[in-house]
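Accompanying notes for the structure given below.
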Amino acid sequence: MVSRGSVFFWEDLARAFSEIYRVLAPGGKTYVGGGFGTAELRDSIAAAMTKENPEWKSFRDKNLGPDNRARIAGVLAGLGHRHRIINDDSGLWVMMEKGE
């Protein structure tokens with residue numbers, strides 16, 4: 001299951017991640033989160049978007065910043081599902097895998 005960008009709009013992260021995990025087939029994986037691919041692409045998009053809307057950077061930082069990362073990590077830790085959080089130049093991503 002892949003989703004790019006929607007996680008930042010979910011009202012109930014615990015319910016959403018639980019449901020995603022529930023419907024995964026044994027051996028199934030998720031890649032959920034958001035980002036821009038590379039640092040160069042991120043910077044290029046940020047420059048263009050900020051030119052169009054000076055408030056855009058604060059919106060991006062809210063979604064990809066440390067507070068949201070901590071919130072997502074806390075929810076996942078509480079659920080106990082096997083997961084990995086990727087937080088690098090590609091963005092913020094959650095990978096979950098359901099055992100066989």
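The values are calculated or read from the model by the stated rules, or taken from the named source; none is laboratory data. Keep in mind that this is a model prediction, so the values were computed, not measured. Heads up, the Cβs are rebuilt from the backbone with ideal geometry, glycines too, and the neighbour counts pull from every protein chain shown.
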Exercise for the section: Quickly run through the range 82-100 and pick out the residues that are more than 20 Å from GLY28 (Cβ to Cβ), of a type outside the set (Gly, Ala, Ser) and not in a loop (DSSP other than H, G, I, E, B). Expected result: ASN87, ASP88, LEU92
Problem - Residue check, LYS29 closer than 21 Å to ILE85 by Cα, basic (Lys, Arg) and out of contact with any strand residue (DSSP E or B) (no Cβ under 9 Å at 6 or more places or on another chain) - result: no
Problem - Among residues of the range 1-31, those that are touching a residue at least 24 places away in the same chain (Cβ under 8 Å) and touching a Phe, Trp or Tyr at 6+ places or on another chain (Cβ under 7 Å), counted - result: 2
Completion exercise
Given (1) surrounded by fewer than 13 Cβ atoms within 10 Å (Cβ to Cβ); (2) closer than 17 Å to GLY5 by Cα, ARG60 misses just (1)
Practice task
Kindly list, by first and then second residue, each pair from a residue in the range 67-81 that is charged (D, E, K, R) to a residue that is surrounded by 11 or more Cβ atoms within 10 Å (Cβ to Cβ) and part of a helix (DSSP H, G or I), limited to pairs with Cβ atoms under 9 Å and residues at least 6 apart or on different chains.
Solution key: ARG71/LEU13
Practice task
Within the range 73-82, work out how many residues are at pLDDT 95 or above and crowded, with 17+ Cβ neighbours inside 10 Å.
Solution key: 2
